[in-house]
Every structure is written in C-alpha cells, then in structure tokens.
Amino acid sequence: MKRICVYAGSNVGNSPEYAEKAKQLGEELASRGIELVYGGSKIGLMGILADAVLANGGKAIGIMPKGLFRGEMVHTGLSEFHEVGNMHERKALMAEMSDAFIALPGGIGTFEELFEMLSWSQLGIHQKPVGLLNVNQFYEPFYQMVDHAITAGFARESNKQLFVMDDEPTPLVEAMVGYTRPEMENKWKQLSE
Ligand code: AMP
C-alpha cells in the first residue's frame, strides 16, 4: 500500500483525543512509509495529521481546489501540492492517487468524502479499503445509520463489509493492509427476486 487518502475535520473537535489520534495516525503512516494524500489544509485535524507525517519523515500530498478556501488555510510545507479546478476534480484526484481511504472524525465535508468512497465501493467503481477511525466512538451513529438502512430494507447486510472500523490507528491501518473487498450480492433486491 503506497498511499492512503485521509479525510479529516477542518476543526479539532472538543476533546484532545481527536488531535492525539490524528497525530498517531500520521506517525503510523510515516513509520510504514505510506504516503498521505489529503485536502492540503494546515488547520484542524487535517493540519495536525499532515504535520505528524512530515515531522516523522513521511510524505504528505495536498490537493486543493482553486479559490475555494482562504489562502492562510493552505499548508505551505507539504511534500507535494496539487491545485485543481473544483471539488469534483479534487475528490477524483484524491481517489485516483490513493490505494485506500480513512476517515478521521470530522463534519459535513468529511462525511461527504467518506460516503462517496463507500458508495463507489458498493457500486464496484473501486475495490479499495475504507476505514473509520472511531475516536471516542465518534462513528457509532454512522454504524447505527447503516444498520437502520439495512433494517429498513435499503441496504444489504454485506454493506457493513465495505469498511473497517477501529478506535486505534495501528490496528486500523493493519486491517486495511489486509483487507480484501468481498464480492457484493446484487444491490437491488427487486432484481434478484
Ligand atoms: P469538515 O469535516 O466539514 O471540517 O470538512 C473537512 C473536509 O472537507 C476535508 O477532508 C477537506 O477535503 C474539506 N475541507 C473543509 N475545510 C477545508 C479547509 N479549510 N481546507 C481544505 N479542505 C477543507
């Protein structure tokens, strides 16, 4: 696994645990020689993660859309920086460059990126692992929401195998390195009846 794309909050959250685990994830990536692909910001968990990668001799690649975020948010010390035309191009390039995806805790932006990669995996557009770093049980409601969709008949039980989840960076990255996406059953129940 050469590169992992990490989606992360552009805020740090209310508990020091979030920053601590973002830092540990950065150290973990650097120690394994796995390059970081991320949104290129220096603020929030995004910045903490990139700084931890760089401080430990790793490579951090930032991908930013032109003119959308204020200049002072841009991390100017990255190993590589790509400027793209818009959010769609940004997410496409992040996905293309990466062998796997991790979501740290975050807000709407993080959710959007996470759900896009899960949705693409479900459709077979990619077979790459998706991991959730469940710091402080942050992703528990997400898990319940997937369960809820399954109970209500909108998703398959197998959808839970599209991602791995752990509250610690080291076992999470290990699970992702060892992940093989299972063959998915037909998504559309009406077509298999
Ligand atoms: P959020 O979880 O709402 O804080 O948004 C975080 C995600 O949205 C990141 O993974 C980025 O891709 C994008 N994003 C939000 N704010 C910024 C920012 N200040 N700089 C760069 N990307 C950002």
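Annotations
- Summed over segment 69-109, the residues that are closer than 22 Å to PHE142 by Cβ, free of Cβ contacts under 8 Å to residues at least 40 places away in the same chain and open to solvent by 20 Å² or more (accessible area, probe 1.4 Å) give a count of 2.
- Residue that is farthest from the chain's Cα centre (by Cα), among those in segment 21-43 that are part of a helix (DSSP H, G or I) and surrounded by fewer than 24 Cβ atoms within 10 Å (Cβ to Cβ): SER31
- Comparison of VAL146, VAL164 shows that the only residue that is surrounded by 13 or more Cβ atoms within 10 Å (Cβ to Cβ), over 24 Å from LYS2 (Cα atoms) and without any contact (Cβ under 8 Å) to a residue 40 or more places away in the chain is VAL146.
- Unique residue being small (Gly, Ala, Ser) and touching a helix residue (DSSP H, G or I) at 6+ places or on another chain (Cβ under 7 Å) when the list is SER121, SER98: SER121
This table checks each residue for (1) in contact with a Lys or Arg (Cβ under 9 Å, 6 or more places away or on another chain); (2) outside any helix (DSSP H, G or I); (3) under 16 Å from MET117 (Cβ atoms).
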site: VAL146; (1), (2), (3): yes, no, yes
site: ALA149; (1), (2), (3): no, no, no
site: GLN161; (1), (2), (3): yes, no, yes
site: VAL173; (1), (2), (3): yes, no, no
site: THR180; (1), (2), (3): no, yes, no
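The values are calculated or read from the model by the stated rules, or taken from the named source; none is laboratory data. Given the structure is predicted, the values throughout are model-derived calculations rather than measurements. Positions of Cβ are backbone-derived with ideal geometry, glycine not excepted, and every protein chain shown enters the neighbour counts. To get the accessible areas, we keep the full protein, side chains included, count just its heavy atoms, and leave off ligands, DNA and RNA. Shrake-Rupley method; radii C 1.70, N 1.55, O 1.52, S 1.80 Å.
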